[in-house]
Amino acid sequence: MTALALGVKFNATSSGAGDFVYASAVTGNQSPSSAGMVDGAFYRYRAETADLTQWEFGSGVWTASTSTLARTTVAFSSTGSKVAFSAAPQVGATIFPADVRDKLTAARSYFVNGGTGSDSNSGLASGAAFATLQKAADTIAALDIATFNVTVNVADGTYTGGVVFNGPILGTGTVSFVGNTTTPANCFLNLTNAYGFQVNNGAAVTLSGFKIACASNGSALRATAGGRITVNGKMEFGACAYNHFDVNNAVIGCSGVTYTISGGAGAHWAISQSGAILAQSNTVTLSGTPAFTAAFATVDATSSLVCNASTFTGSATGSRYTVSGCSYIQTFGSGASYLPGNAAGTNPTGGQYS
């Protein structure tokens, strides 16, 4: 997505090599909000100190919620690389031409390490890792990945921030986030007031090797508005205020996977607004009798869940399922007690379970 930022020039909040955070408009110019800079859009920028001894041309994504212009790609500068400004610079933003976007010519790997990384790093080597998963996501959102795959390698540790993709990723390659695929609990997204991985508006990501818990106001995985999440490796789902899998007019795929449920939620699988979850041939271990306050599976509003041929070990409390609103749960004859829970499932208004 590109957009015009007519007459935008602003004072950044601080010096250093971090992204540019808006503080105030330079006299005679517009602020990003008054010029209508678009959240998630890409812009070219020039940043400079008042004495013009330090300057940088580059491009990055504007994030409206934090008033931040990312320094994703540095084209050229006074130092030949990303500038560590000695004073807070002035930043001008302009239209982002399509040819400025970094187009991959080979597969690419990024690295995240919450203990040793920095979001001012390039992320392109383990010794130059990002500190947050979101920084990796923002960097990928600024690329044209063409036909090549992008892998984000996430080091062991506890992370308190999740990932949000708010629009489609340009290109046909696959974007994968990989944690600890042997012991997912070692790569722990322990969140408050956030989702683990959230993909919206046609974005698509693949995941493996994470434990995710959301203490309040969040789900482990959320896909909306045509987004898609594919789980293709070992995972663990801890306690979540909302749901483990949360789908609204989108798709989550999780088939042929071994994973653990170690905490309860509103639902393990929650699907609405013509959404779908494909969860076939999985090996699922329930640890500690997690409780599901709505049901293990809730399917509503012309949505679908296909979940046959899976093995569930352990027990849970709550209803096994609720399916309504011309939706269906397809187990291919696995029986009414197939899904975990200690209460019978229901199909109150036009739902089908088979």
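Counting protein heavy atoms only, region 1-63 has 54 percent of its accessible area on carbon and sulfur, 1.4 angstrom probe.
Taking a ≥ b ≥ c as the square roots of the Cα gyration tensor eigenvalues, with a/c under 1.5 meaning rounded and otherwise prolate when a/b beats b/c, else oblate, which class fits region 199-354? Walk me through the numbers before you get to the answer.
Working: a/c = 1.34, a/b = 1.06, b/c = 1.27.
Since a/c stays below 1.5, the shape of region 199-354 is classed as rounded.
Name the shape class, rounded, prolate or oblate, that the alpha-carbon gyration tensor gives for region 69-223, where a ≥ b ≥ c are the square roots of its eigenvalues, rounded holds for a/c under 1.5, and otherwise prolate holds if a/b is larger than b/c and oblate otherwise. Because a/c hits 1.5 or more and a/b exceeds b/c, region 69-223 counts as prolate. Computed from the alpha carbon positions, the gyration tensor of region 21-145 leads to an equivalent ellipsoid with semi-axes of 24, 17, 15 Å, biggest first. Shape call for region 281-345 from the C-alpha gyration tensor, a ≥ b ≥ c root eigenvalues: rounded (a/c under 1.5), prolate (a/b greater than b/c) or oblate? Cα axes put region 281-345 in the oblate bin. Summed over the residues of region 286-354 and divided among them, the accessible surface reaches 43 Å² per residue at a probe radius of 1.4 Å.
Remark: relative contact order (the chain) = 8 percent; criterion is Cα-Cα distance under 8 angstrom and separation of 6 or more residues. Taking the Cα atoms of region 216-268, the ratio Rg/Rh between the radius of gyration and the Kirkwood radius comes to 0.96.
What's the center-to-center distance, using Cα atoms, between region 227-246 and region 139-153 in Å? Here the answer is 22 Å between Cα centres.
On a per residue basis, region 10-94 carries 43 Å² of accessible surface, using protein heavy atoms and a 1.4 Å probe.
Across the chain the C-alpha pair distances fall into 20 Å bins from zero in the proportions 29, 50, 19, 2 percent. Toward the positive end of the charge dipole of the chain, with +1 on the Cβ of Lys and Arg and -1 on the Cβ of Asp and Glu, the farthest Cα among ASN347, VAL247, GLY28 is that of ASN347. Modelled spin-label separation between ASN29 and LEU278, with each label point placed 7 Å from Cα along the Cα-to-Cβ direction: 4.9 nm. A simple count of charges around ALA87, restricted to other residues whose Cβ falls under 15 Å of its Cβ and scoring Lys, Arg +1 and Asp, Glu -1, yields -3.
Taking 4.7 Å between C-beta atoms as the pairing limit, the chain has these partnerless cysteines: CYS187, CYS254, CYS307, CYS326.
The protection proxy used here, the mean number of other Cβ atoms lying within 10 Å of each residue, ranks peptides 346-352, 9-15 as follows, highest first: 9-15, 346-352. Please report the net charge: other residues with Cβ closer than 15 Å to the Cβ of LEU69, K and R +1, D and E -1. The answer is 0.
Can you quote the Å³ per residue value for the convex hull of the Cα atoms in region 238-325, rounded to an integer? All intermediate terms of the calculation are to be shown ahead of the outcome.
Values: hull volume 6.5 nm³, N = 88.
Hull volume over Cα atoms, normalised by residue count, gives 74 Å³.
The modelled label-to-label distance for the pair THR172/PHE76, using points 7 Å beyond Cα in the direction of Cβ, is 3.5 nm.
Counting 0.36 nm for each residue step from ASN186 to THR94 and taking away their Cα separation leaves a gain of 28.9 nm. Centre-to-centre, using Cα atoms only, region 168-195 and region 43-90 are separated by 29 Å.
The values are calculated or read from the model by the stated rules, or taken from the named source; none is laboratory data. Keep in mind that this is a model prediction, so the values were computed, not measured. Counting neighbours? That spans all protein chains shown, and the Cβs are built from the backbone with ideal geometry, glycine included. With ligands, DNA and RNA removed, areas are computed over all heavy atoms of the protein, side chains included. Shrake-Rupley method; radii C 1.70, N 1.55, O 1.52, S 1.80 Å.
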